[in-house]
Number of protein chains: 2
Amino acid sequence: MIEAPTTRVRLDIAYDGTDFSGWAKQPGLRTVQGELEQALATVFRRSGATPALVVAGRTDAGVHATGQVAHLDLTHTQLQQLAGHRPPRPLDQVPDVLRDRLNGIAGLRSDVVVRSASFAPAGFDARFSPVWRRYEYRIADALAQRNPLLRRHTLWYPAALDVEAMNAATGVLTGLHDWAAYCRPREHATSIRELQRFDWQRDAGGVLVARLQADAFCHSMVRALVGAAVAVGEGRLPGERMRSLRDEAVRVNEFKVMPALGLTLTEIGYPAENELGARAEQTRAIRESPVQ
Amino acid sequence: MIEAPTTRVRLDIAYDGTDFSGWAKQPGLRTVQGELEQALATVFRRSGATPALVVAGRTDAGVHATGQVAHLDLTHTQLQQLAGHRPPRPLDQVPDVLRDRLNGIAGLRSDVVVRSASFAPAGFDARFSPVWRRYEYRIADALAQRNPLLRRHTLWYPAALDVEAMNAATGVLTGLHDWAAYCRPREHATSIRELQRFDWQRDAGGVLVARLQADAFCHSMVRALVGAAVAVGEGRLPGERMRSLRDEAVRVNEFKVMPALGLTLTEIGYPAENELGARAEQTRAIRESPVQ
């Protein structure tokens, strides 16, 4: 007899994407989902089917995350098993037990960490409930200090970039548009998204940090937008061209899609608890095949 | 005929110490000095003896640096060779040429970076001129967010640490003292040093950052002091004991020397140009065998 899951748990996850072939499980490749589901299989080896993970942002190979969110559904038997783990704990501490067990299996020096686990509110869906996603892209150009300690998530770029020109070009891009010029095309998938923020700042060491926010991003959209902005910063692309490219909505070769290395998923925004279910329904209806 | 060097160049260096057996050259091991001197040998393969590096802080295996300083002495022929490198440059740009060549050999994704090179002022000696050294030690305890992107230079510690107790214990330690209780003994070497700063703060992610400054540190002193402070933060060592241990000046087993992983050399302080020579003489006289 198969027992139906009854309780949804939210996981907040961080990872160094360098040695992962992205989030999504793939046979024969080391992926974040694969690694975590393997750990779940170990935790629940004596209590039924391994829960599957549903994620907010299916990051590509090499992309990092400090604010990834996923959910999984547990059966009553699985909850009881966690509560009975020595020392026994009250049911409200079960998510903490799960977090500690997953991190224990992943290992103290691991490149993936479950930062927290919590019972999800009713209607919560990690993939369909989000109202926005935030990404950062870090570039140490010729004007910045190169820090070898941060090299795994900072692109070292040989030229000097004009951050004012970049901000002038990206600040006017926001709004609800078709981003086909900046998306890798996918069959049956729309490229209409609302870009809510795209700006650049130098941090204390002079490293350029791009911050982007959208309701969702289509495939390779962040890295394409950053690539066009870098072309502007280097004087290879006129600033106005970023907007006209967007409006023409056709893929061109005027800029490069940037490497995954500099990209980090930093935060997922969810609506207030009483709007969670409605938001998920709405998202499912709008996007035939939502990505990232 | 051997040509005597005429010009001293200062290098500011950063490295991820994870994959190095420390700074100092050792046969058969990968070290920062070894790597950089090999690059220097390549640069000057056609112009006489390879210049040797003299360093401010001889960091141990696994210790990182963002503010390491070293010097080397170049002959007139070597200066001319750098100036003649295509495209030819005026002599005052020779240090930049050297920096770029060294970084070019080390490779764009390398774990060691020459951040800048400059002509050293008269009397400058990277090892003997410093008036202080600064180190940081980073610990993500049970109360902090663990960021896999920073795991190569942040120790993950399973317990929660009491930062107020730690600050109370370390803030009263400063001054000119014999640090024998916190130093690995070395023959003919004094362990008298002036500790100028030792405090703790949590950063935005809750990571505990210790900042230490001294005229110089004896061997393993930073990691021993941090280990004792962690014992205080965990409630295993009374706070007052840190000072009484110092005053007893005898090595004990009441705390652990912390791993190299969390330790970064962040800055070297040099006196004003007109005091450089005097400071170097003074240091040589005081310390028979200065370390770190």
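Details
- When A:G107, A:G62, A:G67, A:G84 are screened for being at pLDDT below 95, under 24 Å from the mean Cα position of the chain (by Cα) and either within 14 Å of another protein chain (Cβ to nearest Cβ) or surrounded by fewer than 18 Cβ atoms within 10 Å (Cβ to Cβ) (or both), only A:G107 passes.
- Qualifying residue in segment B:23-42 (condition: modelled with pLDDT under 90 and surrounded by fewer than 20 Cβ atoms within 10 Å (Cβ to Cβ)): no
- Checking A:G67, A:G62, A:G57 one by one, the residue that is closer than 29 Å to A:S21 by Cα, in contact with an Asp or Glu (Cβ under 6 Å, 6 or more places away or on another chain) and outside the structural domain of A:V222 (by TED's automatic domain parsing) is A:G67 and no other.
- Those residues of segment B:20-48 which are touching a Ser or Thr at 6+ places or on another chain (Cβ under 8 Å) and part of a loop (DSSP other than H, G, I, E, B), in sequence order: B:F20, B:S21, B:G22, B:W23, B:A24, B:K25, B:L29, B:R30, B:T31, B:F44, B:S47, B:G48
Every residue, every condition in (1) within 29 Å of A:R115 (Cα to Cα); (2) not hydroxyl-bearing (S, T, Y), yes or no:
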site: B:R211; (1), (2): yes, yes
site: B:A214; (1), (2): no, yes
site: B:L237; (1), (2): no, yes
site: B:N253; (1), (2): no, yes
site: B:T266; (1), (2): yes, no
site: B:G269; (1), (2): no, yes
site: B:A272; (1), (2): no, yes
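- If you check A:A70, A:A142, A:A117 for being more than 28 Å from B:W156 (Cα to Cα), of a type outside the set (K, R) and out of contact with any Gly (no Cβ under 6 Å at 6 or more places or on another chain), only one passes: A:A142.
- From the options A:V257, A:V222, A:V207, A:V230, residue that is among the β-branched types (V, I, T), under 28 Å from A:A144 (Cα atoms), surrounded by 17 or more Cβ atoms within 10 Å (Cβ to Cβ) and under 19 Å from the mean Cα position of the chain (by Cα): A:V222
To keep it simple, each residue is scored yes or no on (1) out of contact with any Lys or Arg (no Cβ under 6 Å at 6 or more places or on another chain); (2) more than 15 Å from B:L40 (Cα to Cα).
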site	(1), (2)
B:D60	yes, yes
B:Q68	yes, yes
B:H85	yes, no
B:A106	yes, no
B:F119	yes, yes
B:Y135	yes, yes
B:A140	no, yes
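- Exclusive hit being closer than 30 Å to A:G262 by Cβ, in contact (Cβ under 8 Å) with a residue 24 or more places away in the chain and within 14 Å of chain B (Cβ to nearest Cβ), set A:A14, A:A24, A:A56: A:A14
- Taking (1) touching a helix residue (DSSP H, G or I) at 6+ places or on another chain (Cβ under 8 Å); (2) at pLDDT 95 or above in turn, B:D12 satisfies each apart from (1).
- Strands (runs of 3 or more DSSP E) lying entirely in segment B:172-231 (those with 1 or more residues that are of a type in the set (G, A, S) and either at pLDDT below 95 or farther than 30 Å from A:T66 by Cα (or both)): B:175-178, B:208-214
- Members of segment B:110-123 that are more than 9 Å from chain A (Cβ to nearest Cβ), part of a loop (DSSP other than H, G, I, E, B) and either at pLDDT 95 or above or farther than 15 Å from B:I268 by Cβ (or both): B:A120, B:A122, B:G123
- Residues that are surrounded by 19 or more Cβ atoms within 10 Å (Cβ to Cβ) and modelled with pLDDT under 95 within segment B:43-56 comprise B:V43, B:F44, B:P51, listed in sequence order.
- Residue in segment B:145-155 that is more than 8 Å from chain A (Cβ to nearest Cβ), in a strand (DSSP E or B) and over 18 Å from B:L11 (Cα atoms) present: yes
- Any hit, segment A:88-111, residues being more than 30 Å from A:L245 (Cβ to Cβ), in contact with an Asp or Glu (Cβ under 6 Å, 6 or more places away or on another chain) and not assigned by TED's automatic domain parsing to the domain that holds A:H219: yes
- Some residue of segment B:265-274 being among the hydrophobic types (A, V, I, L, M, F, W, C), in contact with a helix residue (DSSP H, G or I) (Cβ under 8 Å, 6 or more places away or on another chain) and either crowded, with 23+ Cβ neighbours inside 10 Å or not in a strand (DSSP E or B) (or both): no
The values are calculated or read from the model by the stated rules, or taken from the named source; none is laboratory data. Predicted model only: the values in this text are computed from it and were never measured. Counting neighbours? That spans all protein chains shown, and the Cβs are built from the backbone with ideal geometry, glycine included.
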